[in-house]
Amino acid sequence: MIFPVLKDLARLLDAITPEQEDLLTPCDEFDVRTLRLHLLGWLDYFQAALADPAGDVRPDPEARVNEDRSDDRFDDFAAVIEKLAATLRDALDDAVATRSVNVPRLGGAYPSSAVIDLLLVEVLGHGWDLARATGLAWQPDPAAAAHALAVLQAMVKPEYRGPGLPFGLEVPVSADAPALDRLVAFTGRDPGWVPRGNQPGRSL
């Protein structure tokens, strides 16, 4: 289910305009530009890990965010996603789901299937952030969102939540809310988040 979500992400990133780069996002520390670069940095990281599961040399996922703003690689997202998709196809064709992948930034080594699940969580969550910030559509497969939510519910402990930690406090939502709303609420985002002062974006 990761490939359709990556395709949706490519469409979303392609629709973001340079004028939207400074808009606020649900991630308080990131505007649209820095969140986009943060996400692309993590796609680089996952690609390197899946391409070389036993390796310990990984790119810094925040390197793009920390680059000089005058040297912005705005148009390379398609190449990043294409490279990641090719690596995923090789990994899924070539490996058993239990093969260990070293991801030190995420705490150690995990089965390749678990690493792909974490990639799905990253893309769905930050895709929602970017869409909500820009007013663009983000409607991934509800089954993918439900799967990502189940992954997080099995993994996230109370000590992972709070200021400066990977997740905020869970936001209460209805049990019959859409899967994507329940996913973002579980990560600590408000599914009803509305950007203050942002101009509405275009529809995809």
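The values are calculated or read from the model by the stated rules, or taken from the named source; none is laboratory data. Quantities reported herein were computed from a predicted structural model and do not represent experimental measurements. No Cβ is skipped: glycine too gets one built from the backbone with ideal geometry, and neighbour counts run over all protein chains shown. Note: areas computed on protein heavy atoms with side chains; ligands, DNA, RNA excluded. Shrake-Rupley method; radii C 1.70, N 1.55, O 1.52, S 1.80 Å.
Tabulated results
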quantity	calculated
Within region 15-40, considering residues that are of a type in the set (S, T, N, Q) and within 14 Å of the chain's Cα centre (by Cα), the one nearest to THR134 (Cα to Cα)	THR25
Options ALA109, ALA79, ALA91, ALA85: the member that is under 27 Å from GLN153 (Cα atoms), at pLDDT 85 or above and in a helix (DSSP H, G or I)	ALA85
Selection within region 129-143 - under 11 Å from VAL5 (Cβ atoms) and buried (at least 21 other Cβ atoms within 10 Å of the Cβ)	PRO140
In region 137-146, the residues that are in contact (Cβ under 8 Å) with a residue 60 or more places away in the chain and within 16 Å of the chain's Cα centre (by Cα)	ALA137, TRP138, GLN139, PRO140, ASP141, ALA144
Search result, residues across region 1-16 that are farther than 16 Å from ALA78 by Cβ and outside any helix (DSSP H, G or I)	MET1
Region 149-158, subset open to solvent by less than 50 Å² (accessible area, probe 1.4 Å) and in contact with a Phe, Trp or Tyr (Cβ under 9 Å, 6 or more places away or on another chain), residue modelled with the lowest pLDDT	VAL156
Qualifying residue in region 147-158 (condition: of a type in the set (D, E, K, R), closer than 30 Å to ASP22 by Cα and more than 17 Å from the chain's Cα centre (by Cα))	no
Test result for GLY188, among the small types (Gly, Ala, Ser), in a loop (DSSP other than H, G, I, E, B), surrounded by 13 or more Cβ atoms within 10 Å (Cβ to Cβ) and out of contact with any helix residue (DSSP H, G or I) (no Cβ under 6 Å at 6 or more places or on another chain)	yes
Where ASN102 falls short, out of the listed (1) in contact with a Leu (Cβ under 9 Å, 6 or more places away or on another chain); (2) open to solvent by 30 Å² or more (accessible area, probe 1.4 Å); (3) not in a loop (DSSP other than H, G, I, E, B)	(1)
Selected residue (criterion: farthest from the chain's Cα centre (by Cα)) from residues of region 159-180 that are under 18 Å from ALA143 (Cβ atoms) and surrounded by 10 or more Cβ atoms within 10 Å (Cβ to Cβ)	ALA177
Some residue of region 10-28 being more than 16 Å from HIS126 (Cα to Cα), surrounded by fewer than 16 Cβ atoms within 10 Å (Cβ to Cβ) and out of contact with any Lys or Arg (no Cβ under 8 Å at 6 or more places or on another chain)	yes
